[in-house]
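Undergrad: Quick one: this structure, given as structure tokens, is what I'll be asking you about.
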Amino acid sequence: MEHPENSEEYKGLTVNAGIEQPSIINPYLKFRKKPKRREFTVGEYVEGILNGNVTILSQAVTLVESLKPEHQALAQEVIEKCLPHSGHSVRIGISGVPGAGKSTSIDAFGLYVLEKGGKLAVLAIDPSSERTKGSILGDKTRMEKLSVHPKAFIRPSPSAGSLGGVARKTRETIILCEAAGFDKIFVETVGVGQSETAVHSMVDFFLLIQLAGTGDELQGIKRGIMEMADGIVINKADGNNIEKAKLAASHFRNALHLFPVPDSGWTPQVLTYSGFYGLGIQEIWDMIDRYFVFVKQNGYFEYRRNEQAKYWMYESINEHLRDSFYNNPTIAAMLVAKEREVLDGQLTSFVAAKKLLDTYYGLLK
Ligand code: GDP
């Protein structure tokens, strides 16, 4: 018998119909539509930014960071209109390994410079923030005092994309911030490699935060990074760490003597301070002031900004070409096949590359 439950002998077993199952969605729940953020026109964005409206500035930065082509197009128009109003600021890059005290220091430096007036924007470049969900540089609360300061604008690192892409977005954000009247820009980055180069290519002064450590602190830091620095500051010079910090400073000074004088003609200076206790902050800022006077007099300030503008033109071209190539559906499909052929030894890497490029150029015709 196929269904023993239908047999007479099981008659006693009644199967209740059961109750109707409730809907998994509460029927009384009124769906409130998420209020759609009002979309601004290019003119409204520009006007808002030029008026220093931080809400509109934030939304414009979100557009810059967006991956949607329509947002990108809008962002580019806004940037272009803001460009003539930008440039009037001091741009300072701040780098150091995690734990060096960047956030503590930026909080302290930021409050110090804001006491003198003006407005400060703190931006960040952290290509790893996608992985860490922005926890390294994304957390505004790391800068406790600045984050509630009415004249400060803190924006975490754009999270998506390559270092080049993230850096470009930060550079574009600088333009928007300057147009909104921010006359001091800090760009923070984790001192772990290439991101310093990216920051260096968009700031006027590059400050490297170091710690006094085991005495071999010079070994861990790459020569290239030290060469980029316009100032090296040894943090946590407080309590019983003061002597160690001074010693580290003299090591750095000695090491810097071995490098050729940078293009700016400015000899990088080494200072000790304590971001946490606010010691030596004024000296650091005085050094930065002296630097600006120096490079504005000798013309290096203009030169460096022009070189950076040139660099970003080529970077943008490279980025567009790369995107246009890799995002092309024909190429994307072909890449997989060609990669296989290279791995199987049927094609050399160069021939495969040439075939792909020829196909791409063919598609452009
Ligand atoms: P970041 O990862 O570079 O942003 O570093 P943080 O600013 O978060 O600082 C890392 C740790 O070092 C925190 O526990 C800070 O309280 C501590 N710290 C930062 N600056 C100083 C300082 O000047 N002196 C001392 N003693 N500790 C500091």
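None of the figures in this text is laboratory data; all of them are computed from the coordinates on show. Just so it is clear, the structure is predicted and the values come from calculations on it, not from any experiment. Cβ atoms come from the backbone with ideal geometry, glycine included; neighbour counts cover every protein chain shown.
Undergrad: Search the structure for amide H atoms under 5 Å from the amide H of Ile234, placed 1.01 Å from N in the peptide plane, and list their residues when 5 or more places away or on another chain.
TA: Distant-sequence amide H within range of Ile234: Gln210, Leu271, Thr272, Tyr273.
Undergrad: Specify whether the C-alpha gyration tensor of the chain places it in the rounded, prolate or oblate class, a ≥ b ≥ c being the square roots of the eigenvalues: rounded for a/c under 1.5, otherwise prolate if a/b is larger than b/c and oblate if not.
TA: It comes out prolate by the Cα gyration axes.
Undergrad: With each pseudo-label sitting 7 Å past Cα toward Cβ, what's the His71-Val293 distance in nm, one decimal?
TA: Here the modelled spin labels are 4.5 nm apart.
Undergrad: If we count other beta carbons within 10 Å of each Cβ, what is the order of Met143, Met228, fewest first?
TA: Ranked by crowding around the Cβ, least crowded first: Met228, Met143.
Undergrad: Pick from Ser349, Ser274, Ser147 the residue whose mean-square fluctuation is largest in a GNM of the chain, springs joining Cα atoms under 10 Å.
TA: Ser349
Undergrad: Which of the residue pairs Lys68/Lys310; Lys68/Lys169; Lys102/Lys145; Lys145/Lys184; Lys119/Lys145 have a Cα-Cα distance greater than 19 Å in the structure shown? Display every interim value, and only then the final one.
TA: Numbers: Lys68/Lys310 26 Å; Lys68/Lys169 14 Å; Lys102/Lys145 14 Å; Lys145/Lys184 17 Å; Lys119/Lys145 14 Å.
Check vs 19 Å cut-off fails for Lys68/Lys310.
Undergrad: GNM, the chain, Cα, under 10 Å: largest mean-square fluctuation among Ala17, Ala337, Ala229?
TA: Ala17
Undergrad: Determine the shape class of the stretch 209-322: with a ≥ b ≥ c the square roots of the Cα gyration tensor eigenvalues, call it rounded for a/c under 1.5, and otherwise prolate if a/b is greater than b/c, oblate otherwise.
TA: Cα axes put the stretch 209-322 in the prolate bin.
Undergrad: When ranked by the protection proxy of mean other Cβ atoms within 10 Å per residue, highest first, what sequence do the peptides 52-62, 304-314 form?
TA: Values: 52-62: 18.1, 304-314: 13.2.
Listed from highest to lowest mean packing, they are 52-62, 304-314.
Undergrad: Consider a paramagnetic label point 7 Å from the Cα of Glu283 along Cα→Cβ; state which residues of the stretch 91-123 have an amide N under 16 Å from it.
TA: Answer for the stretch 91-123: 109.
Undergrad: For the pair Glu80/Lys151, report the inter-label distance in nm, with labels modelled 7 Å from Cα in the Cβ direction.
TA: Label at Glu80, label at Lys151, 3.5 nm between them.
Undergrad: From the Cα gyration tensor of the stretch 79-127, with a ≥ b ≥ c the square roots of its eigenvalues, which class applies: rounded if a/c is under 1.5, or else prolate if a/b is larger than b/c, or else oblate?
TA: Oblate, because a/c is 1.5 or more while a/b does not exceed b/c.
Undergrad: Would you look at the GNM of the chain, springs on alpha carbons closer than 10 Å, and say which of Asp286, Asp323, Asp230 moves the most?
TA: Among Asp286, Asp323, Asp230, the largest mean-square fluctuation in the Gaussian network model of the chain belongs to Asp323.
Undergrad: How much length is gained if the chain between Glu302 and Val261 is pulled fully straight, taking 0.36 nm per residue apart and subtracting their Cα-Cα distance, in nm to one decimal?
TA: Answer, rounded to one decimal: 12.9 nm.
Undergrad: In whole Hz, what ³J(HN,Hα) sequence does the stretch 64-70 give by Karplus (6.51, -1.76, 1.60; θ = phi - 60°), x for Gly and Pro?
TA: Running phi through 6.51 cos²θ - 1.76 cosθ + 1.60 with θ = phi - 60° gives 4, 7, 5, 8, 6, x, 5 Hz.
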